[in-house]
Amino acid sequence: MLEFSYYFYVYQMNLTKKSQLNELINFIKTTRDSREVKRAIAVKLALEGYTYTKIQLILNISLGFISKWKEIFLSEGIGGLTLKYKGAKPFLNPNEKQEVINWLQQKDYWDLKELYSYIFINYEITFKSKQSYYDLFRQAGISWKKSQKAHRPCGGFLRIRTEQAKNPKRDPDLVKKKGRNNSKVARMATQN
């Protein structure tokens, strides 16, 4: 009777090992993160009977890595091999971000300090990097390199000036208004 229970135990262990191996194989095929794949392959090879030294040479990992992830797999299952860190949550949720972009698009004049204050007052958020503020300007269609004034045509729609402002030194009429007598300006006037 003792022999039968031993063989039954071995049979159950083989069934469990086969189901675990199938679970690992499916996980390896479906996961995209290379760290999770490496963990699963290490555990799979250990369950298949490879020595830890061979696994270490094959995957270029430490012996501690193998034993750690094998123990975690045996106690927690396949969920233990997945990454727990999912990234930091963004400061502004998509709705708040859209509100800030709409606010920027309604303004006639943009300033980084004003955007900083607006976000802090309304959402109690301060970005660590100025790049986050610049990204908001860019998403609103505003150049952040220089604060700009908006040009409102007769229809009243907000439109950002995209053309370069004329240099007054290059415009002969503006120079004449200022009363300067410049030979370059005189030459430009005769060329036109």
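Miscellaneous remarks
- Looking at Ser34, Ser19, Ser67, Ser75, just one residue is of a type in the set (Gly, Ala, Ser), without any contact (Cβ under 8 Å) to a residue 24 or more places away in the chain and surrounded by 11 or more Cβ atoms within 10 Å (Cβ to Cβ), and that residue is Ser67.
- Against the numbered list (1) touching a helix residue (DSSP H, G or I) at 6+ places or on another chain (Cβ under 9 Å); (2) part of a helix (DSSP H, G or I); (3) aliphatic (A, V, I, L, M), Ile125 comes up short only at (2).
- Looking only at residues of region 115-125 that are surrounded by 11 or more Cβ atoms within 10 Å (Cβ to Cβ) and more than 12 Å from Phe137 (Cα to Cα), we find that the one that is nearest to the chain's Cα centre (by Cα) is Ile125.
- With respect to (1) surrounded by 13 or more Cβ atoms within 10 Å (Cβ to Cβ); (2) farther than 16 Å from Ala42 by Cα, the lone exception for Asp108 is condition (1).
- Some residue of region 81-88 being exposed (fewer than 12 other Cβ atoms within 10 Å of the Cβ) and either more than 18 Å from Thr31 (Cβ to Cβ) or modelled with pLDDT of 90 or more (or both): yes
- Test: residue in region 91-105 that is of a type in the set (Val, Ile, Thr) and closer than 30 Å to Gly141 by Cβ: yes
- Residue in region 66-74 that is assigned by TED's automatic domain parsing to the domain that holds Ala40 and among the β-branched types (Val, Ile, Thr) present: yes
The values are calculated or read from the model by the stated rules, or taken from the named source; none is laboratory data. Nothing here was measured: the structure is a model prediction, and the numbers come from that model. Positions of Cβ are generated from backbone atoms using ideal geometry, with glycine treated the same way; all protein chains shown enter the neighbour counts.
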